[in-house]
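Have a look at the structure below before the remarks.
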Amino acid sequence: MYPQFITYLLQYIKFQERIIFALMSIILGKSVARGLYDEPIDKPYRKLEVDQMPIIETLEKLDFKKLLDDYQDKHDKPLRPVIRRKNSVVKVPANLTCPKCSAPSDYLYANNGDKGQYQCKVCTCLFSKKNRFLKEAVLKCPHCLKTLERIKERKDFRVYKCKNNACSFYKRKLNQMTKEEKKRFKQDPQAFKIRYIFREFHLDFDPLAKDSPVKPKVDLSRIYVSPHTLGLILTYYVNYGLSARKTAALMFDVHSVKVSHQTILNYANSVALITKPFVDYYPYDLSNSFCGDETYIRVKGRWHYLFFFFDAVKKIILSYPVSPHRDTPSAIKAISDVLAKFKDIPEDLKFVVDGNPIYILAQHYFAQKGIHFDVHKVIGLTNDDPVSKEYRPLKQIIERLNRTFKGNYRATTGFGSQEGSVSYVTLFVAYFNFLRPHASLENQVPVVIPELKRMPNMPERWTKLIELSQEYLVDQQSA
Ligand SMILES: [Zn+2]
Ligand SMILES: [Zn+2]
């Protein structure tokens, strides 16, 4: 009797809340009421002007062996390694080589060593340990071909600027200004962006690194319910988006199984860890067209962004990183997770996103690494603005995905940790890709696995999916 009463009470309170919210919306306007109820505020992203890619000139690579031979021929004696004073304070690291000709450390002078600058005796190239890779390329303005100047260093990127006053980009921008703007420009030149700018992102992760799946340290045999019960719990918690508390109440009221909401969260976490490698490394059959968006997820009382990219044709979710920031590194990570799914990256790869400039910056980042794809910005893809007929179906998919996900996460009232939220998102993706039929796929699931299809009901499908995930991990271990 008791749990039923609580459930009823909770539902009543929820109902009351909805009425209050509706009333406040009418009185105060939706956004204010939303703030009171701590809904994520749909902050507009920074409208940043992203200029086209610079011209990247890679420095010619030289071969120190050939240079040493040439020296020998010309001078009739070999070029000797650098003689070092015995008590020299500055040491040249033994594994350091010249970035231009690959000469070993024996040929490197510590120019002003403590500041980290070196010079190569073989090819005379100057470099520092920090920017030794950077020095391999020179960035030039695409409008005037002058070398760009590095003007700022940020945590994740460096800003380059074309300072050439004769640059066509600069001149055009100046000419486009109205009289008013010119006046303001004189007083506050910082407020205007009139010069060509390039942001070079440097991240400490290796995009497209095909790291092998990590075997999770969880043991499902420590779950004290039958596989079928676990399948039931997951069905309520993930498919129907019930909170852990409601799932626990339902398990007791309907199935007479006593299980605490914390235990349900622990189970969800364990299952997520086991299914994640299967979800991430499944050999998906993909199209060349992907759609990306960000949605909100609450972690430790703060709103985070969930970036997701999915195959626009096959409706498969391929990446789902969670980040506290809506920034370029997160966009790069999300796209990288998609690219890692390909054996060979298709030539006509296309990403459809909203107007957020972070995706263009990500595109530049990958272009620098020799990976090219189209970014198609569709204004209005994720808001109420009208969108062209061509992209209306995509807009609908995003909205549906958002709705499905939001409907589910709302009930979970946020997560106590980043791991908790990642666990839930992982289970959601497993459900979305392998278990949830889509009307647009003729009521098929996006990825049809015959073993799952054969199962009579959803709890059995979850059980089978866990089994397949475990088998996958075992195969990986023995491979
Ligand atoms: Zn050299
Ligand atoms: Zn220029």
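Once all protein chains are placed together, Glu153 keeps about 100 Å² accessible to a 1.4 angstrom probe. Here the extension length gained between Arg154 and Ala94 equals 18.6 nm, from 0.36 nm per residue of separation less the Cα-Cα distance. Rg and Dmax of segment 220-271, based on Cα coordinates, read 9.6, 26 Å. Of Trp303, Trp462, the order by accessible heavy-atom surface (1.4 Å probe, DNA, RNA and ligands excluded), from most exposed downward, is Trp303, Trp462. Across the protein chains, with a 1.4 Å probe defining accessible surface, the residues Lys350, Lys183 rank Lys183, Lys350 from largest area downward.
Distance between the 7 Å Cα→Cβ label points at His376 and Lys65: 4.9 nm. Note on segment 162-205: semi-axes of the ellipsoid equivalent to its C-alpha gyration tensor, largest first and rounded to whole Å, are 26, 13, 8. With Cα atoms as the point set, segment 250-354 shows a radius of gyration and Dmax of 17.3, 56 Å.
Take the convex hull of the alpha carbons in segment 72-202; its mean projected area over all directions comes to 12.2 nm². Taking a point 7 Å from the Cα of Ala137 along the Cα-to-Cβ direction, the residues of segment 352-368 with backbone N closer than 20 Å to it are 358-368.
Annotation for Arg84 and Ser168: the two label points, set 7 Å from Cα along the Cα-Cβ direction, are 5.1 nm apart. The residue among Val425, Gln477, Met455 whose Cα reaches farthest toward the positive pole of the charge dipole of segment 417-478, with charges on the beta-carbon of Lys, Arg, Asp and Glu, is Met455. Cβ-Cβ distance of Val448 and Lys77, R₀ of 51 Å, FRET efficiency by 1/(1 + (r/R0)^6): the value works out to about 0.10. Sites listed here are trypsin sites (Lys or Arg not before Pro) in segment 221-308 whose DSSP assignment is loop and whose Cβ has at most 12 other Cβ atoms within 10 Å: Lys258.
The values are calculated or read from the model by the stated rules, or taken from the named source; none is laboratory data. Bear in mind the structure is a predicted one, so any value in this text is a computation, not a measurement. Here Cβ is always computed from backbone atoms with ideal geometry, including for glycine, and neighbour counts include all displayed protein chains. Accessible surface areas use protein heavy atoms only, side chains included; no ligands, DNA or RNA. Shrake-Rupley method; radii C 1.70, N 1.55, O 1.52, S 1.80 Å.
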